[in-house]
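What follows is one structure encoded as structure tokens, with my remarks underneath.
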Amino acid sequence: MELFSDKPALAAAALTRLVAADIETKGRPAGSLQAYLSDLVVRNGPSIVEELAIELARQHLATLDRLAKATGRPAARYLDEIELAAAMEESKGRDSGDPRR
């Protein structure tokens, strides 16, 4: 897989693009995300995953802040909705007996 960048900020943006592409194709190219992350780890060591997670959170929050400003709604409300949706999804996984959860 072609490496987009070893820098966490650009790697986070590239990872977001890969997720968007997977969503558009209904997840058919399933290995693209794993291949990209594996390539980053091989080139930079396992600590890149921590840096990537932090950068993804920063970019996510910046996007929520822009959305909040555009809508006049507090960013904390969007965060509440995201957390609630994640908790509901986790709950569904436990209820279904999915061993991955």
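The values are calculated or read from the model by the stated rules, or taken from the named source; none is laboratory data. Please read all numbers here as calculations on a predicted model, not as lab measurements. Heads up, the Cβs are rebuilt from the backbone with ideal geometry, glycines too, and the neighbour counts pull from every protein chain shown. Just so you know, the surface numbers come from the protein's heavy atoms only, side chains and all, with ligands and any DNA or RNA stripped out. Shrake-Rupley method; radii C 1.70, N 1.55, O 1.52, S 1.80 Å.
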Inset, instruction - Run down 70, 75 and say which single residue is open to solvent by 70 Å² or more (accessible area, probe 1.4 Å) and over 17 Å from the mean Cα position of the chain (by Cα). - result: 70
Inset, instruction - Within the range 22-64, track down each residue that is outside any helix (DSSP H, G or I) and among the charged types (D, E, K, R). - result: 26, 28
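Taking the range 3-23 as the search range and keeping residues that are touching a helix residue (DSSP H, G or I) at 6+ places or on another chain (Cβ under 8 Å) and β-branched (Val, Ile, Thr), which one is modelled with the highest pLDDT? Walk me through it before giving the result.
Taking the range 3-23 as the starting set, the residues that turn out to be touching a helix residue (DSSP H, G or I) at 6+ places or on another chain (Cβ under 8 Å) are 3-6, 8-9, 11-16, 18-19, 21-22.
Applying the additional criterion that residues be β-branched (Val, Ile, Thr) yields 16, 19.
Details: 16: 86, 19: 82.
Checking each candidate, the answer is 16.
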Inset, instruction - May I ask you to verify whether residue 68 is touching a helix residue (DSSP H, G or I) at 6+ places or on another chain (Cβ under 9 Å), part of a helix (DSSP H, G or I) and over 14 Å from residue 13 (Cα atoms)? - result: yes
Inset, instruction - Filter the range 15-48 down to residues that are closer than 15 Å to residue 5 by Cα and among the basic types (Lys, Arg) and give me whichever is surrounded by the fewest Cβ atoms within 10 Å (Cβ to Cβ). - result: 43
Legend entry - Boolean, residue 51 is closer than 26 Å to residue 10 by Cβ, open to solvent by 70 Å² or more (accessible area, probe 1.4 Å), in contact (Cβ under 8 Å) with a residue 12 or more places away in the chain and touching a helix residue (DSSP H, G or I) at 6+ places or on another chain (Cβ under 7 Å): yes
